[in-house]
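Student: Dropping a structure here in structure tokens format, bear with me for questions.
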Amino acid sequence: MSVLHIRHLSHRYGITEALTNVNLDLHASETLALVGPSGCGKSTLLHLVSGLLTPSEGIIHSEFRGPACVFQEPRLMPWKTGLDNIALGLKALGVAGTARRKRAADLGQRMGLSLRDMDKYPHALSGGMQSRVSLARALVINPDLLLLDEPFTALDIGLKEALYAALDLQIAQQGTAVLLITHDLIEAVRLADRIVMMVPKPGRILYEFPLMHPHHQRDSAWVYHTMAKLMQVDAIRIGFGLSDDTLSPFNSHQPIQGCSV
Ligand SMILES: Nc1ncnc2c1ncn2[C@@H]1O[C@H](COP(=O)(O)OP(=O)(O)OP(=O)(O)O)[C@@H](O)[C@H]1O
Ligand SMILES: [Mg+2]
């Protein structure tokens with residue numbers, strides 16, 4: 001089974017210590033949600049795993065074939081239509097033109113994009129449409145590792161549910177491992193096998209919370225109940241800026257292990 005190991009990972013931008021001593025493992029079929037306040041190094045971690053950045057210190061060992069990424073800003077090719085943006089990875093894999101466009105169109109439609117939308121160039125698409133094109137571009141190549149930086153932020157609730165289902169299907173059918181950055185704790189509870197809470201200055205992992213409940217049994221009642229339990233955890237409250245207690249776990253350099261739900 002493929003695995004990603006991150007050991008003693010640190011990263012600096014000049015004098016800014018963006019990440020310090022991050023240790024993480026991610027296995028095939030596993031979804032790990034990275035949560036934490038703005039500036040705690042989530043995107044930096046994703047850029048390091050994707051190979052866009054080289055770490056200042058530490059090791060990233062990946063047995064996955066290669067990641068497909070959805071970055072915080074959609075990064076679409078402005079000179080290609082939505083459909084051709086989705087099909088981009090298939091072209092690189094050598095899939096012929098007609099088959100490529102059909103697969104891209106089918107997936108785009110499952111994500112709520114009409115053929116008419118997909119015929120438009122990125123500047124004529126809404127933010128939410130661009131996010132979906134970007135997500136479809138990553139999913140269409142059936143990656144074994146998906147790196148997602150807030151891919152659902154610009155979407156309304158109904159669309160989010162449809163995309164969560166597309167993601168669940170991808171994981172179930174392909175055994176894809178997912179590293180998901182989100183600000184939305186409900187989303188993390190709905191999708192993740194583990195929630196990893198990060199804090200800034202310097203960016204580091206404060207707390208890990210495993211969620212053992214099978215994904216297909218995560219109905220709204222379970223999600224809200226679990227969310228309520230999590231909101232009572234000090235480290236989560238502090239991480240999301242909901243507590244006056246700026247002392248204890250935030251200032252500790254030791255990660256705290258959660259309990260299972
Ligand atoms: N290219 C860069 N050059 C210099 N500093 C950077 C650069 N990118 C990020 N940083 C700094 O590194 C720290 C972590 O930034 P990062 O973008 O990883 O945070 P984040 O957790 O993704 O935040 P957000 O939730 O707002 O997206 C911040 O202090 C940020 O200012
Ligand atoms: Mg970010």
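Student: For the stretch 183-235, what's the relative contact order in percent, using C-alpha pairs closer than 8 Å and at least 6 residues apart?
Tutor: Relative contact order here is 36 percent.
Student: Nearest 500 deg cm²/dmol is fine: what mean residue ellipticity at 222 nm does the chain get from its DSSP H runs of n ≥ 4 alone, each adding -39,500 (n - 2.57), divided by its residue count?
Tutor: Helix-only estimate at 222 nm: -11000 deg cm²/dmol.
Student: Expected output is a single nm value to one decimal: the length gained when fully extending between Asp156 and Gln173, i.e. 0.36 nm times separation in residues minus the C-alpha distance. What is it?
Tutor: My answer for the length gained is 3.5 nm.
Student: Here's a follow-up. Is the shape of the stretch 78-155 rounded, prolate or oblate, going by the alpha carbon gyration tensor and its root eigenvalues a ≥ b ≥ c, with a/c under 1.5 for rounded and a/b larger than b/c for prolate?
Tutor: In terms of gyration-tensor shape, oblate.
Student: Now a separate question. Please give the net charge around Leu26, taking every other residue with its beta carbon less than 10 angstrom from that of Leu26, where Lys and Arg add +1 and Asp and Glu add -1.
Tutor: Counting the neighbours of Leu26, the net charge comes to -2.
Student: For the chain, what does the relative contact order come out to in percent, with C-alpha contacts under 8 Å and a separation of six or more?
Tutor: Rounded, it is 25 percent for the chain.
Student: To continue, here is another question. Dividing the alpha-carbon Rg of the chain by 2.2 N^0.38 Å yields what?
Tutor: Scaled against compact globular proteins, the figure is 1.02.
Bear in mind that the values in this text are calculations on the coordinates, not laboratory data. Predicted model, so just to flag it, every value in this text is computed and none were measured. With ideal geometry, Cβ positions are generated from the backbone for all residues, glycine too; neighbour counts draw on all protein chains shown.
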